[in-house]
1. Please verify whether L40 is surrounded by 12 or more Cβ atoms within 10 Å (Cβ to Cβ), touching a strand residue (DSSP E or B) at 6+ places or on another chain (Cβ under 9 Å) and under 22 Å from I101 (Cβ atoms), treating the condition exactly as stated.
2. Considering each residue of segment 1-24, count those that are within 29 Å of K73 (Cβ to Cβ) and surrounded by fewer than 12 Cβ atoms within 10 Å (Cβ to Cβ), and give that number.
3. Is it the case that some residue within segment 48-67 is touching a Lys or Arg at 6+ places or on another chain (Cβ under 8 Å), of a type in the set (S, T, Y) and under 26 Å from G119 (Cα atoms)?
4. Of all residues being of a type in the set (S, T, N, Q) and farther than 18 Å from K116 by Cα in segment 68-92, which is surrounded by the most Cβ atoms within 10 Å (Cβ to Cβ)? Just the residue, please.
5. Filter segment 106-123 down to residues that are among the hydroxyl-bearing types (S, T, Y) and not in a helix (DSSP H, G or I), then give me how many there are.
6. Can you spot a residue in segment 50-60 that is in contact with a helix residue (DSSP H, G or I) (Cβ under 9 Å, 6 or more places away or on another chain) and among the polar types (S, T, N, Q)?
7. Sort out which residues of segment 106-123 are farther than 22 Å from Q39 by Cα and touching a residue at least 12 places away in the same chain (Cβ under 8 Å), and write them in order of number.
8. So, in segment 1-14, how many residues would count as being under 18 Å from the mean Cα position of the chain (by Cα) and in a loop (DSSP other than H, G, I, E, B)?
Amino acid sequence: MSRNINVILSEEATKQYEELNRIVGDEIKKGITNSIHQQLLKSIKQKSELLKINPQAGIHISKKLIPKIYIDKYDVDNLWKIDLSGYWRMTYTLRTTEIEITNFVLDIVDHVTYDKILGYKKK
């Protein structure tokens, strides 16, 4: 029996995605056909489709590095990241049942913000 695989965005990731969509829409109205924003939006869509095929396509983050904010806010016990264009990152957690696998996207953030969330420091 195969399980359904879904990609669901958190409230925060939904806001980030909607803002990006708005920016891309404005660019297209202005005749801009290729931008960093458009490449990022395309990358998010491609990676979301990839996660529907292979939920573990991202890079697994060690349990000890899971930020407290993700544990408190989303009850996360596993964390994954997938690289997007322009050094952006999409973080997600896997939630599974007997009939469904859910890729719950927590954040869509630039590299600097990702490093802050995970507590990485510059060398």
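1. Here the answer is no, as L40 does not meet what is asked.
2. Residues that pass the stated criteria total 4.
3. The answer is no; no qualifying residue exists.
4. S85
5. Of the residues in that region, 1 qualify.
6. no
7. Those that are farther than 22 Å from Q39 by Cα and touching a residue at least 12 places away in the same chain (Cβ under 8 Å): I117, L118, G119.
8. Total meeting the criteria: 1.
The values are calculated or read from the model by the stated rules, or taken from the named source; none is laboratory data. Predicted model, so just to flag it, every value in this text is computed and none were measured. Positions of Cβ are backbone-derived with ideal geometry, glycine not excepted, and every protein chain shown enters the neighbour counts.
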